[in-house]
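Colleague: Once you've had a glance at the structure underneath, I'll fire off some questions.
The values are calculated or read from the model by the stated rules, or taken from the named source; none is laboratory data. Everything numeric here is computed off the predicted structure, so don't read it as measured data. Note: ideal-geometry Cβ built from the backbone for every residue, glycine included; neighbour counts use all protein chains shown. Accessible surface areas use protein heavy atoms only, side chains included; no ligands, DNA or RNA. Shrake-Rupley method; radii C 1.70, N 1.55, O 1.52, S 1.80 Å.
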Amino acid sequence: MAIPGPAPRPGGRPRLDLQFLQRFLQIQKVLFPSWSSQNALMFLTLLCVALLEQLVIYRVGLIPSQYFGVLGSKDLNGFKTLTFLSVVLIVLNSVLKSFDQFTCNLLYVSWRKDLTEHLHRLYFRGRVYYTLNVLRDDVDNPDQRISQDVERFCRQLSSMASKLIISPFTLVYYTYQCFRSTSWLGPVSIFGYFILGTVVNRVLMSPIVAKLVQQEKLEGDFRFKHMQIRVNAEPAAFFRAGHVEHMRTDRRLQRLLQTQRDLMSKELWLCIGINMFDYLGSILSYIVIAIPIFSGVYGDLSPAELSSLVSKNAFVCLYLINCFSQLIELSTTLSDVAGYTHRIGELQETLLDMNPKSQDGEFLDESQWDLARGLGAPATEPADAAFLVERVCIYAPSSHRPLIKDLSLKISEGQSLLITGDTGAGKTSLLRVLGGLWANAQTKVSVGVLFLPQKPFFTDGTLREQVSPGPTPPTPPPQHGPGRVTGLSTRELVQQSSLVARTKGLDQQVDWNWYDVLSPGEMQRLSFARLFYLQPKYAVLDEATSALTEEVESELYRIGQQLGMTFISVGHRRSLEKFHSLVLRLCGDGRWELTRIKVE
Ligand SMILES: Nc1ncnc2c1ncn2[C@@H]1O[C@H](COP(=O)(O)OP(=O)(O)OP(=O)(O)O)[C@@H](O)[C@H]1O
């Protein structure tokens, strides 16, 4: 039976909550797999650079107060030394700041690589990409999550990294300095101010996270629409569908832009909050300094000493407030990061959920996948048959109407099977079950089977790579070359459609899309070239000759028979019967009949 797509999880509105924290930590495990990983070392370098930068910044921050001192006491030598020191510090500061930025950029690339590769591993393992894209509808646009959301997440996180990493140190240090300058009054009022700012920001940020998640979904939908038109440009042009598709694409764009506008209005309030916090903070620092001055604490200082002290204290308090303001300013970035965290986290959870694990919790590799897909069925291979089907019922996803009821079938070597039936009767669905795309416990499949689907599959690359796309063929091609048995080499087979001339050789890289440049007949010939190259024991052909003439079809089947292949074919032509010994007719509503073809 097919895997039905689960209903969307209830209460799934993304927020800055515990679930965000869990997902964020889960992603951090991927970004920092161990303490000695490259990313951890880069992060440590960033911490050292940022700490050094803060030390220099502190020295640079004291320069104005020192100038007040040397200028107030007309100390020329002191002035020269201070100017020299200032230039050195400023040069050092500029270098460190740039290096800090550079390390953040490197971290961004490295994080993106690790996170994307991790998701790719889960996505391409077994047939997860098929199940996720075709059978499940609870995770929208997985392609966009892997490509765009991961990119933005890593960029935003790296832009926050150096500020976040340094903040505990600067907060402690400047709190101490502030306490020395203003006693408890400075730190307490600044901390109270920060807590107030955080509470207000938290309230303003929550709706932004949910809106951002929605915006990314619509962004994915919009891009998908363009991809749909790109892939189906020719049929769309035949249908003169430009006008309608233009309207539909614009409609998706409008929905996206409306959400972006909503997001911006929500961000406006957050921006107002952040800016208010920033500017009120600068006044707060002078209020904190003014209180001891007006209460006579510094009554015995000269005006030059007092202005030097005010300048120093103002720097310390301002810097402490600045540390907090920077944290508050990170709110917009944090809300973006939270939105992307939810989207990536949700995808990761689904992918992990779909990757079967062994009993000790390890992920199964490709070779074990087929054995596990029977959801607990004994992992045995049919010894003397390619396919063993026992009382199988097949339903289309999200449907309770059976396509096939109680089908039992055993296909052994030399027992070719032809599957026929009306449109939508479930012929391809049966192949999906046999191919393991739709999980079914009552089906056992042997190795050495090659499927040629109704829509041929081509990848990017050379012509030879189209014939032999996978790294490991089901059965290794024989040493003497596939075509020798029949007098036809792969090259000759491909040449029939003059493809070799067009591609200027079998190994010439081409940048075109094979689906755009090949006719359906050429695609089917090329698929057969692949079949004859790989020479599996069993070939499952889903209307694989529908675009070819009966003569060519017979020729291809004859070559296959000479190569010793057993066919499981879906097709409508009676001419196909002579290459098969059994016919399975799907009669609709789950009914079927199996008959043996009489040899004339
Ligand atoms: N991913 C899917 N989600 C929902 N329904 C599906 C899905 N795939 C197939 N179906 C439905 O299952 C039914 C059987 O589809 P199937 O592709 O097996 O038909 P078929 O017999 O191969 O038809 P044809 O002769 O046109 O190729 C159809 O009604 C189809 O709409």
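Colleague: Roll a 1.4 angstrom probe over the protein heavy atoms and tell me the percent of accessible area of the chain that is carbon or sulfur.
Modeller: 60
Colleague: Among the listed pairs Lys537/Lys578; Lys217/Lys405; Lys113/Lys217; Lys405/Lys598, which are separated by more than 30 Å between their Cα atoms? Spell out each step's value before the answer.
Modeller: Values: Lys537/Lys578 19 Å; Lys217/Lys405 39 Å; Lys113/Lys217 22 Å; Lys405/Lys598 26 Å.
Long pairs (Cα-Cα over 30 Å): Lys217/Lys405.
Colleague: For the stretch 113-192, which chymotrypsin sites (Phe, Trp or Tyr not before Pro) are both in a DSSP coil and crowded by at most 16 other Cβ atoms within 10 Å?
Modeller: Trp184
Colleague: Now, a different point. Using only DSSP helix segments of four residues or longer, with each worth -39500 (n - 2.57), what per-residue ellipticity at 222 nm results for the chain after dividing by its residue count and rounding to 500?
Modeller: -20500 deg cm²/dmol
Colleague: Accessible area per residue of the stretch 19-354 at 1.4 Å probe, in Å²?
Modeller: Numbers: 17610 Å² over 336 residues.
Value returned for the stretch 19-354: 52 Å² of accessible area per residue.
Colleague: Here is a follow-up. Along the Cα-to-C-beta direction of Val297, a point sits 7 Å from the Cα; which residues of the stretch 313-332 have their amide N less than 15 Å from that point?
Modeller: Once the point is set 7 Å along Cα→Cβ of Val297, 313-318 turn out to lie under 15 Å by backbone N, inside the stretch 313-332.
Colleague: For Ser162, what is the net charge nearby, where nearby means another residue's Cβ is under 12 Å from its Cβ and Lys, Arg count +1, Asp, Glu -1? Could you put the intermediate results ahead of the total?
Modeller: Numbers: positive: Lys97, Lys163; negative: Glu53, Asp100.
Within the 12 Å Cβ shell, the charges total 0.
Colleague: Further question: What number, in percent, do you get for the relative contact order of the chain if the mean sequence gap of Cα pairs under 8 Å and at least 6 apart is divided by its residue count? It would help to have the intermediate numbers written out before the result.
Modeller: Values: 765 pairs, mean separation 98.9, N = 600.
Answer for the chain is 16 percent.
Colleague: Right, another one. How much of the DSSP bridge set in the chain is antiparallel, in percent, rounded to the nearest 5?
Modeller: Given both bridge residues lie in the chain, the antiparallel proportion sits at roughly 50 percent.
Colleague: Counting alpha carbon pairs within less than 8 Å and at least 6 residues apart, what relative contact order, in whole percent, applies to the stretch 245-345?
Modeller: Value for the stretch 245-345: 36 percent.
Colleague: For the residue pair Leu268 and Phe239, what label-to-label distance in nm results when each label sits 7 Å from Cα along the Cα-to-beta-carbon direction?
Modeller: According to this spin-label approximation, the distance is 4.0 nm.
Colleague: Additional query: Just subtract the alpha-carbon distance of Ser37 and Val517 from 0.36 nm times their residue separation and send over the number in nm, one decimal.
Modeller: My answer for the length gained is 168.2 nm.
Colleague: Could you sort the peptides 63-74, 504-515 by per-residue average Cβ neighbour count (10 Å cutoff), highest mean leading?
Modeller: 63-74, 504-515
Colleague: Could you give the length gained on full extension between Glu349 and Tyr286, defined as 0.36 nm per residue of separation minus the Cα-Cα distance, in nm?
Modeller: Values: separation 63, 0.36 × 63 = 22.68 nm, distance 5.01 nm.
Length gained between Glu349 and Tyr286: 17.7 nm.
Colleague: Any idea what the dipole of the chain comes to, in debye rounded to 20, about its Cα centre with Lys/Arg Cβ at +1 and Asp/Glu Cβ at -1?
Modeller: Computed about the Cα centre, the dipole is about 440 debye.
Colleague: Output ³J(HN,Hα) for the stretch 40-48: one whole-Hz value per residue in order, computed from phi by the Karplus curve 6.51 cos²θ - 1.76 cosθ + 1.60 with θ = phi - 60°, and x for Gly and Pro.
Modeller: 5, 5, 5, 5, 5, 4, 4, 4, 5
Colleague: While we're on this one: Put +1 on the Cβ of every Lys and Arg and -1 on every Asp and Glu Cβ in the chain; which of Trp111, Ile328, Leu407 then has its Cα farthest towards the positive end of the dipole?
Modeller: So the residue furthest toward the plus end is Ile328.
Colleague: Can I ask one more? Which aspartates and glutamates does Lys455 reach when only Cα atoms under 20 Å apart count, and residues fewer than 8 places away in its own chain are ignored?
Modeller: List returned: Glu234, Asp422, Glu465, Asp516, Glu522, Asp542, Glu543, Glu550, Glu553.
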